[in-house]
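Only one structure is covered here, and it is reproduced in the block below.
The values are calculated or read from the model by the stated rules, or taken from the named source; none is laboratory data. Bear in mind the structure is a predicted one, so any value in this text is a computation, not a measurement. Cβ atoms come from the backbone with ideal geometry, glycine included; neighbour counts cover every protein chain shown. In case anyone asks, the SASA skips ligands and DNA or RNA and just uses the protein heavy atoms, side chains included. Shrake-Rupley method; radii C 1.70, N 1.55, O 1.52, S 1.80 Å.
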Amino acid sequence: MTQAVATNDRATTFDVAAVRADFPILARNVHKKPLVYLDNAASSQKPRQVIEAVDQYYRRHNANVHRGLHTLSDEATAAYEAAREKVRGFINAAEIAEVIFTKGTTEAINLVAASYGRAHLSAGDEVLITYMEHHSNIVPWQMICEQTGAVLRVCPINERGELLLDAFEKLLSDKTRVVAFNHISNALGTVNPVKKMVKMAHAVGAVTVVDGAQAVPHQRIDVRDLDCDFYAFSGHKMFAPTGIGILYGKRYLLEQMPPYQGGGDMIKTVSFEKTVYNELPSKFEAGTPIIAGAVGLGAAVDYLERVGLDAVSAYEHSLLEYGDQRLKSVPGLRMIGDAVDKTSVFSFVMEGAHPHDIGTILSHTGVAVRTGHHCTEPLMKFFKVPGTVRASLAFYNTREEIDQLVDGLAKVREMLL
Amino acid sequence: MNAAAPDLQDLYRRTIKGQAALFSQRRPPAIVTHRCEGSNPNCGDHLALALHLEDVAIAALGFEGESCLICRASAVMMADTLAGATVAQAHEFSRRLDAFLHDGQPLPGPLATTRCLEGVRAYPSRLSCALLPWQTLTRCIQPDPTYATTHLEAKP
Ligand SMILES: Cc1ncc(COP(=O)(O)O)c(C=O)c1O
């Protein structure tokens, strides 16, 4: 199953059979059919290398970090901090002080909204988000706006599911303090021009918060090149365990911000009169962290570096083109989100069939997709659909699997229409 | 490998499809005394129930909204079963259908048509679709007279 992929003018081959062999779960059957896992935007599967790293951590090194002086604690701390360094390199952050472990994207965004927001927002200030945000990049801003009297503004999109950059520019003003948007839309697959948007936001003196949850598994991220102020993502969408994620933030901003939570690890000294907070990144990591999760994330980074994100992007792009062409030939199917710059997501509705019924029937053919509003209710309202069927790709998916999705949709028509 | 797995055929029985097709004919009645909305946020089912209650009797009921086939079929059967029933009967039937779908408890005679929904028992995530119309209704006819609308978040 080596599939040829043309990247620019250089033809490379991506050995999809080899990577599939790394993911034990891909060998299982569902409803007596081989699993076709097309729900990667919700959560990705884990390679053996990640599973084994977590297993080894618990078998050999488990202890609390930054505390004991005994060997296991030293080893656990070293493993945890090594993972931070791997992530730093992975996103090209300047230093490990800028890489904060969180539970995931949601917690990372909440951290910025609560900590930066509380310190810097006041009545009349504005926070700009977009129409295509995940609830986790809407609700934390609504909450902080409510608390501070700041006003939430929303940048509109067009029918293809692309941001209207003219409107974005018009919405920016000297009142704008924070601009938060996703790198890639989970519901549409739209890739936003992050670098350009960051530049526009900086021109009015706003800080930028990029939700990178859907970007990190698909393309190389360079936070310094993007020049964003904050970048949030989840481990579980990039082949690492659940419960671990990252907030990248520029040091000078993180230093100005008050802690998000209080507790152990985030302090230097505590007395009842005065507590001195710890240095970065510990200041934002109160309590015992998800150590094994961090170790798993480090292993996922190693794995992705080995497979190569450029090869992944090129391969996935060819899958996207193939799938787009195949799906658009399915009678009654309407693609939701058709951005010129798009990746890894097919979101669609079918005439006469509710997404939930489609999801159940596809599951019977072994095909796992997500149905519903994908935590983007405002976006579903924009497209006037109750929800969509979303098939989302990872580099271990194949053309044959897309064929199985298309065959499954024929079964849907047979069953329902 | 053309035939669907038997349980899937069971879920999408012809009778269910037939009932669901009637959904667009069970519109809100001319007189509406109670309105209630129910939604199933995980799959996007949304049901707006309009009820004409005369004292303790359900004179008529109908729906608007977009929902899946299972939910639509269940809504139609509920409207047809409960026309003329009392509020107490509506609560009782709702409870009995829930027990039938969850645990296979026997169905009372007036609920016989809903037997075709039993295929959902094998699909825990679909139970909430079948029960959504009934849960929305029982919310709507709770004893509290000031109760007008609710947003019911059915958990799968
Ligand atoms: C674009 C986007 N942002 C944020 C999130 C939230 O991620 P998590 O649930 O891992 O915190 C998701 C996950 O679905 C997402 O797709």
Projected area of region A:258-402, taken from the Cα convex hull and averaged over every viewing direction, in nm²? 13.4 nm²
What residue among A:Ala213, A:Ala63, A:Ala240 has the largest mean-square fluctuation in a Gaussian network model of chain A, using Cα springs under 10 Å? A:Ala63
Read phi for every residue in region A:184-198 and hand back ³J(HN,Hα) as whole Hz from Karplus 6.51 cos²θ - 1.76 cosθ + 1.60, θ = phi - 60°, with x for Gly and Pro. 10, 6, 6, 8, 10, x, 4, 9, 8, x, 4, 4, 5, 5, 4
Rg to Rh for region A:126-230: what is it, with Cα atoms only and Rh by Kirkwood? 0.94
What is the Cα centroid distance between region A:41-114 and region A:238-301, reported in whole angstrom? 10 Å
Average partner chain C-beta neighbours within 10 Å, per residue of B:115-127? 1
Between the Cα axis of helix A:71-91 and the main Cα principal axis of chain A, the angle (0 to 90°, nearest 10) is 60 degrees
Let me check against my output: what whole-number percent is the relative contact order of region A:51-305, with C-alpha pairs under 8 Å and at least 6 apart? 25 percent
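Across peptide A:24-33, how many C-beta atoms of other chains are within 10 Å of each residue C-beta, on average? List each step's numbers first, then the result.
Numbers: counts 0, 0, 0, 0, 0, 0, 0, 3, 2, 2.
What the average comes to for A:24-33 is 1.
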Relative contact order, percent, region A:108-226 [alpha-carbon distance under 8 Å, six or more residues apart]: 25 percent
Quickly work out the A:Gln49-to-A:Glu81 label distance, labels modelled 7 Å from Cα along the C-beta direction, and quote it in nm with one decimal. 2.4 nm
Give me a single rounded figure for A:387-399: the average over its residues of other chain Cβ atoms within 10 Å of their Cβ. 1
Which are the unpartnered cysteines of chain B, meaning those with no other cysteine Cβ under 4.7 Å from their Cβ? B:Cys43, B:Cys68, B:Cys116
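Relative contact order for region B:4-149: what is it in percent, counting Cα pairs under 8 Å that are at least 6 residues apart? Please report the intermediate quantities before stating the final value.
Values: 238 pairs, mean separation 40.5, N = 146.
Once divided by the residue count of region B:4-149, the mean separation gives 28 percent.
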Over the heavy atoms of A:Asp74, what accessible area does a 1.4 Å probe trace out, to the nearest 10 Å²? 90 Å²
Please build a GNM for chain A, connecting alpha carbons under 10 Å apart, and tell me which residue among A:Ser73, A:Ser392, A:Ser44 fluctuates the most. A:Ser73
Ballpark to the nearest 100 Å², how much total accessible area do A and B bury together, probe 1.4 Å? 1600 Å²
Got a number for the accessible area of A:Tyr80? Probe 1.4 Å, square angstrom, nearest 10. 0 Å²
Region B:4-149, accessible surface, carbon-and-sulfur percent (1.4 angstrom probe): 52 percent
With angles folded into 0 to 90 degrees, how steeply does helix A:139-148 sit against the dominant principal axis of chain A? Use alpha carbons for both and round to 10. 40 degrees
For helix B:87-103, report the angle its Cα long axis makes with the longest principal axis of the Cα atoms of chain B; keep it between 0 and 90° and round to the nearest 10°. 20 degrees
Whole-number D in µm² s⁻¹ for region B:4-149, Kirkwood Cα-pair radius fed into Stokes-Einstein, 37 °C, 0.692 mPa s: 217 µm²/s
At R0 = 60 Å, how high is the FRET efficiency between A:Tyr58 and B:Ile31 if r is their beta carbon distance? Nearest 0.05 is fine. 0.40
Interface residues in region A:333-374 - accessible area drops by 50 Å² or more relative to the isolated chain, probe 1.4 Å: A:His354, A:His356, A:Asp357, A:Thr360, A:His364
Give the percent of DSSP beta bridges with both residues in the protein assembly as shown that are antiparallel, rounded to the nearest 5. 70 percent
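Per the helix-only calculation at 222 nm, which mean residue ellipticity applies to chain A, given -39500 (n - 2.57) for every DSSP H run of n ≥ 4 and division by its residues, nearest 500 deg cm²/dmol? Don't jump to the answer; show the numbers that get you there.
Numbers: 15 runs with 155 residues, N = 417.
Mean residue ellipticity at 222 nm (helix-derived): -11000 deg cm²/dmol.
Which of rounded, prolate or oblate describes region A:1-140 when judged by the alpha-carbon gyration tensor and an a/c cut-off of 1.5? Numbers along the way, then the final one.
On the way: a/c = 1.89, a/b = 1.21, b/c = 1.57.
It is oblate, given that a/c is not under 1.5 and a/b is not larger than b/c.
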Roll a 1.4 angstrom probe over the protein heavy atoms and tell me the percent of accessible area of region A:51-305 that is carbon or sulfur. 52 percent
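Which shape class, rounded, prolate or oblate, goes with region A:202-291 when its Cα gyration tensor gives a ≥ b ≥ c as root eigenvalues, a/c under 1.5 marks rounded, and past that a/b bigger than b/c marks prolate?
oblate
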At q = 0.08, 0.09, 0.13 Å⁻¹, what base-10 log of I(q)/I(0) does the Debye formula yield for chain A when every alpha carbon is treated as an equal point scatterer in vacuo? -0.45, -0.57, -1.15
Under the 7 Å Cα-to-Cβ spin-label approximation, A:Arg326 and A:Lys170 lie apart by a distance in nanometres of 4.2 nm
Computed over region A:241-319, protein heavy atoms only, probe 1.4 angstrom, the accessible area per residue in square angstrom equals 43 Å²
Tabulate in residue order the Karplus-calculated ³J(HN,Hα) for region A:387-400, using 6.51 cos²θ - 1.76 cosθ + 1.60 with θ = phi - 60°, rounded to whole Hz; enter x for Gly and Pro. x, 9, 9, 10, 9, 10, 9, 10, 5, 8, 7, 10, 4, 4
Round to a whole angstrom and tell me the spacing of the C-alpha centers of region A:161-210 and region A:394-417. 35 Å
So, with points 7 Å from each Cα along the Cβ direction, the A:Leu72-A:Ala42 label distance in nm works out to 3.7 nm
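Can you give me the accessible area per residue for region A:85-203, using a 1.4 Å probe, in Å²? Each step should come with its number before you reach the end.
On the way: 4480 Å² over 119 residues.
Normalised by residue count, the accessible surface of region A:85-203 is 38 Å².
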Mean accessible surface per residue for region B:4-149, computed with a 1.4 Å probe while every protein chain stays in place, in Å²: 42 Å²
